[in-house]
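**Student:** Mind having a look at this structure? Questions to follow.
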Amino acid sequence: MQQPAAFEMDSATDRPTAILSGDWTTAQLGDAGQALAKATGGRGVDVDLTRVRRMDTAGAYAITKAVGEGYSPERVRGRPEMQRLLELVDKAVQVKPVIRREPQGFHNLTIRIGKGVIDLQHEFLSTMGFLGRLLVVSFRTFLNLFVRPHRIRWAPIFSQMERAGLDAIPIVAITTFFIGAVVGLIGVNMLRQFGAEVFVVELVGVAVLREFNIVITAVLLAGRSASAFAAELGSMKMQQEVDAMRVMGVDPFEALVLPRFIALILTIPLLTFVATLAGLLGGLMVSWTTLGLGPTFFLQRIVDSVGVNHFYIALSKAPVMAAVVAGIGCRQGLLTGGDVESLGRRVTAAVVHAIFAIILLDAAFALIYMELDL
C-alpha cells in the first residue's frame, strides 16, 4: 500500500534534522517538496531517510532542491541505494549546460560547404536506391504481365491515368494555346522589320512541335501531379498506412509507386499531342488575325517546311519526363516524416526538383540531338 510523502523537523539538537517518511515518488510526492523547502529555508540540514519506503528521481530531486546549497552526502542517513540516488540526482542538477558557439567567417563557410557535399552524397545514394528498387518492381510487373496478369493492379493504374492524365487536358490545352499565341505575336513583331512575317509559321511550328509542347506539359505535370503524389503518399506515411501495408505483406512500391509511374508514362504522349494541337492553334489564330494567313496556308506550310520529325523528337522526351516527374513526386512523398511541416517541405521539394530536372533534361536532349544533327 502506498503512503504519501511526509516529513517532520527535529530541531532538538544543534543540527536540525528533516525526518522523511512515506513514498517519495512521483505519484505520492504531492506538495511535500515545496513544504520541505519552506521548512528548511534553503539552509543546510541533516536528512533522515530511514522511514522512507520508496524514492525515485522525482523525490530525490525534490529533496536536493529543498535542502539547497547546504546539501552534503555526509549529512544524509538512510539506505545505501537511496543515498546513491541522491548523489546521482545532485550531480545531474549541478551540471551546467555547455554553450556551443557557432563558427563564424570562413570557418563557418567551409563547414556549410562540407555539410552540403555530404547531404548531396546521401541524396544521390538515396535516389539510386529508389531507382533500383523501382526498376526491380517494374521488371517483376512486366513478367507478371505474361505469367500472372491477375496480380497487376489495373484499377489504381486506370484511376491514376484519369486523374493525372485526362483531368489535365484542359489546363495543358489552355496553357499551350496561349504559349503558341505569344510566340506568334513575338515572331510577327520581330520578323516584320525584315519583311519576313510569313516565316512566323516556321517559328511557331518548330517552337511548339519540338520544345514547348513537351516542356510545358511536363512542367504542368510537375506542379499538378508531382505535388499530388507527394501529398498523397506523404499523408499515408504520416498516418502509418505505409507501415501497415508492409506488415500485411504488401509492397508499397508495387501498390503505390508503380501505378502512378505507369499512369504518367502512358498518358504523357496524349497530353503532348493535345499540347501540340493547342499551341499550333494559338499560332494559327495570331497569324490569321494579324497577317491574314488562312488555316490552309498555315497547315500546308507546317507540313512542307517544318515536318513531323520535330514532333517525334518531342515525343521521344515524353517517357523520360514522365518517369522523372512521377519518381520525384513519389520519392518525396515516401520521405515524409511524422509532422505536417515535413509534408509541406516534401511537397515543395517535389515540385521544385521536378521542374529543375525537366529543364536539365531538356537541355541534355537538345545537346544530344544537336550532335546527332536532328
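**Student:** Packing-wise, with mean Cβ within 10 Å as the measure, how do 252-258, 267-273 rank, highest first? The partial results should precede the final answer.
**Tutor:** Working: 252-258: 20.4, 267-273: 22.4.
Per-residue mean Cβ counts within 10 Å order the peptides as 267-273, 252-258.
**Student:** What is the distance, in nm, between label points placed 7 Å from the Cα along the Cα-to-Cβ direction at Gln34 and at Ala244?
**Tutor:** 4.4 nm
**Student:** Residue-wise, which Karplus ³J(HN,Hα) couplings in Hz belong to the stretch 310-316, taking 6.51 cos²θ - 1.76 cosθ + 1.60, θ = phi - 60°, and x for glycine or proline?
**Tutor:** Working through the residues one at a time gives 5, 5, 5, 4, 5, 5, 5 Hz.
**Student:** Would you work out if the stretch 154-371 is rounded, prolate or oblate? Take a ≥ b ≥ c from the square roots of the eigenvalues of the alpha-carbon gyration tensor; rounded if a/c is under 1.5, else prolate when a/b is larger than b/c, oblate otherwise. Mind showing how you got there, number by number?
**Tutor:** Working: a/c = 2.77, a/b = 2.59, b/c = 1.07.
Prolate.
**Student:** So how tilted is helix 154-164 from the main axis of the chain? Cα-based, degrees 0 to 90, rounded to 10.
**Tutor:** The helix 154-164 is inclined about 80 degrees to the chain.
**Student:** I'd like the antiparallel share, as a percent to the nearest 5, of DSSP beta bridges with both residues in the chain. Walk me through the intermediate numbers first.
**Tutor:** Numbers: 5 of 14 bridges.
Counting DSSP beta bridges with both partners in the chain, the antiparallel share is about 35 percent.
**Student:** OK, next. Report the one residue of Val52, Gly33, Val308 whose Cα lies farthest in the direction of the positive end of the charge dipole of the chain (charges on C-beta: Lys and Arg +1, Asp and Glu -1; origin at the Cα centre).
**Tutor:** In the chain, that residue is Val52.
**Student:** Between Met285 and Arg77, what is the label-to-label distance in nm when each label sits 7 Å out along the Cα-to-Cβ direction?
**Tutor:** According to this spin-label approximation, the distance is 9.9 nm.
**Student:** For a footprinting-style exposure proxy, rank Leu264, Leu191, Leu49 by other Cβ within 10 Å, fewest first.
**Tutor:** On the way: Leu264 30, Leu191 17, Leu49 22.
By the 10 Å Cβ count, ascending: Leu191, Leu49, Leu264.
**Student:** I need the shape label for the stretch 105-196. Rule: rounded when a/c is under 1.5, else prolate if a/b > b/c, else oblate, with a, b, c from the alpha carbon gyration tensor. Write down the numbers at each step before the final one.
**Tutor:** Details: a/c = 3.22, a/b = 1.14, b/c = 2.84.
Since a/c reaches 1.5 but b/c is at least a/b, the shape of the stretch 105-196 is classed as oblate.
**Student:** Take every Cα pair under 8 Å in the chain that's 6+ residues apart, average their separations, divide by the length, and report that relative contact order as a whole percent.
**Tutor:** Working: 477 pairs, mean separation 59.7, N = 374.
Relative contact order for the chain comes out at 16 percent.
**Student:** Taking the Cα-to-Cβ direction at Gln94 and at Leu125 and moving 7 Å from each Cα, how far apart do the two end points lie in nm?
**Tutor:** 4.3 nm
**Student:** Still on this structure: Could you tell me the distance between the Cα centroids of the stretch 121-146 and the stretch 216-265, to the nearest Å?
**Tutor:** Here the two parts' Cα centres lie 14 Å apart.
**Student:** Now for a different question. Could you work out the helix-only [θ] at 222 nm for the chain, with each DSSP H run of four or more residues adding -39,500 (n - 2.57) and the total divided by the number of residues, to the nearest 500 deg cm²/dmol? Present the calculation step by step, with values, prior to reporting the outcome.
**Tutor:** On the way: 14 runs with 247 residues, N = 374.
Theoretical 222 nm ellipticity from helices: -22500 deg cm²/dmol.
**Student:** Where does each of Asp23, Asp119, Asp10 land when they are ranked from fewest to most other beta-carbon atoms within 10 angstrom?
**Tutor:** Values: Asp23 20, Asp119 10, Asp10 13.
Going from least to most buried by this count: Asp119, Asp10, Asp23.
**Student:** Once the Cα atoms of helix 57-67 and of the chain are each reduced to a long axis, what angle between those two axes, in degrees from 0 to 90 to the nearest 10, is obtained?
**Tutor:** Result, in degrees: 60.
**Student:** Kindly express, to the nearest 10 degrees and within the range 0 to 90, the angle between helix 258-291's C-alpha long axis and the longest C-alpha principal axis of the chain.
**Tutor:** Tilt relative to the chain: about 50 degrees.
**Student:** If you wrap the chain's Cα atoms in a convex hull and average its projection over all directions, what's the area in nm²? Could you put the intermediate results ahead of the total?
**Tutor:** Working: hull surface 135.4 nm².
One quarter of the hull surface, i.e. the mean projection, equals 33.9 nm².
**Student:** For Lys38, go through the lysines and keep the ones whose alpha-carbon is under 29 Å away, minus same-chain ones fewer than eight residues off.
**Tutor:** Partners within reach: Lys65, Lys91, Lys96.
**Student:** Here's another thing I want to ask about it. What is the dipole size for the stretch 312-374, taken about its Cα centre, with +1 at each Lys and Arg Cβ and -1 at each Asp and Glu Cβ, in debye to the nearest 20? Provide the component values of the computation, followed by the final result.
**Tutor:** Values: 4 positive and 5 negative charges, 42 e Å.
Dipole size: approximately 200 debye.
No value in this document is a laboratory result; all are computed from the given coordinates. The model shown is predicted, which means the values in this text are computed figures rather than measured ones. Cβ coordinates were reconstructed from backbone atoms using ideal geometry, including for glycine residues, and neighbour counts include every protein chain displayed.
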